[in-house]
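The values are calculated or read from the model by the stated rules, or taken from the named source; none is laboratory data. Owing to the predicted nature of the structure, the values given are computational and were not obtained by experimental measurement. Here the Cβ is made from the backbone with ideal geometry for all residues, glycine too, and neighbour counts use every protein chain on show. Only protein heavy atoms, including side chains, enter the accessible area calculation; ligands, DNA and RNA are left aside. Shrake-Rupley method; radii C 1.70, N 1.55, O 1.52, S 1.80 Å.
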Amino acid sequence: MRGPVAPPQVPISASRAESFADLVQDSVDRLERRWPQLADIDFMVLDVPGAGSAPDAWQDEPVPLGTAVGAKDGRPPVVVVYRRPVEIRSKGRDERALLVHEVVVEQVAELLGLTPESVDPGYGEE
């Protein structure tokens, strides 16, 4: 008898990339309760920063965990979270979820011109 090991709605059937995207969406949902304007921001997950993703901005720094790009040419602002660098820096799902949330908060704060603590009062406490 052949078929999937688990039905699609069971978490075991989600890929690592899908699970990571869910963590990002959970973080965005959490912040949107306080900041409804986040609905105007596109949130993306990329595996790694690409060669064309402004490497001069982080050439002498560690690999970035995320980036924010303001609105331009009629396109909405974008927050990108890089999956592999976050996964490498976290151990386990709970730590990964916390790090994803911190990255999202930091990038949203940059776009809004605020401090991360004002975007999420619980930033850095967990």
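Can you find a residue that is assigned to a loop (DSSP other than H, G, I, E, B), modelled with pLDDT under 95 and open to solvent by 50 Å² or more (accessible area, probe 1.4 Å) anywhere in region 16-32? There is no residue in region 16-32 that is assigned to a loop (DSSP other than H, G, I, E, B), modelled with pLDDT under 95 and open to solvent by 50 Å² or more (accessible area, probe 1.4 Å).
Considering only residues that are open to solvent by less than 60 Å² (accessible area, probe 1.4 Å) and either out of contact with any Gly (no Cβ under 9 Å at 6 or more places or on another chain) or among the β-branched types (Val, Ile, Thr) (or both), which ones fall in region 74-95? Before the answer, list the steps.
As a first pass, look at region 74-95 and keep what is open to solvent by less than 60 Å² (accessible area, probe 1.4 Å): 76-83, 85-87, 90, 92.
Of everything in region 74-95, those that are open to solvent by less than 60 Å² (accessible area, probe 1.4 Å) and either out of contact with any Gly (no Cβ under 9 Å at 6 or more places or on another chain) or among the β-branched types (Val, Ile, Thr) (or both) turn out to be Pro76, Val78, Val79, Val80, Val81, Arg83, Val86, Glu87, Ser90, Gly92.
Of the set (1) touching a helix residue (DSSP H, G or I) at 6+ places or on another chain (Cβ under 9 Å); (2) of a type in the set (A, V, I, L, M); (3) open to solvent by less than 60 Å² (accessible area, probe 1.4 Å), all apply to Leu98 but (1). All of (1) under 12 Å from Asp42 (Cα atoms); (2) open to solvent by 40 Å² or more (accessible area, probe 1.4 Å); (3) at pLDDT 95 or above hold for Val108 with one exception: (2). Of all residues assigned to region 49-68, none qualifies as being surrounded by fewer than 15 Cβ atoms within 10 Å (Cβ to Cβ) and at pLDDT 90 or above.
Working carefully through the options Glu125, Glu95, find the one that is over 19 Å from Met44 (Cα atoms), charged (D, E, K, R), out of contact with any strand residue (DSSP E or B) (no Cβ under 6 Å at 6 or more places or on another chain) and in a loop (DSSP other than H, G, I, E, B). Don't jump to the end; show me each part of the working.
Numbers: Glu95 fails: in a loop (DSSP other than H, G, I, E, B).
Answer to the check: Glu125.
Does Gly113 fit the bill of being without any contact (Cβ under 8 Å) to a residue 12 or more places away in the chain and either touching a His at 6+ places or on another chain (Cβ under 9 Å) or open to solvent by less than 70 Å² (accessible area, probe 1.4 Å) (or both)? Judged against the criteria, Gly113 is a match.
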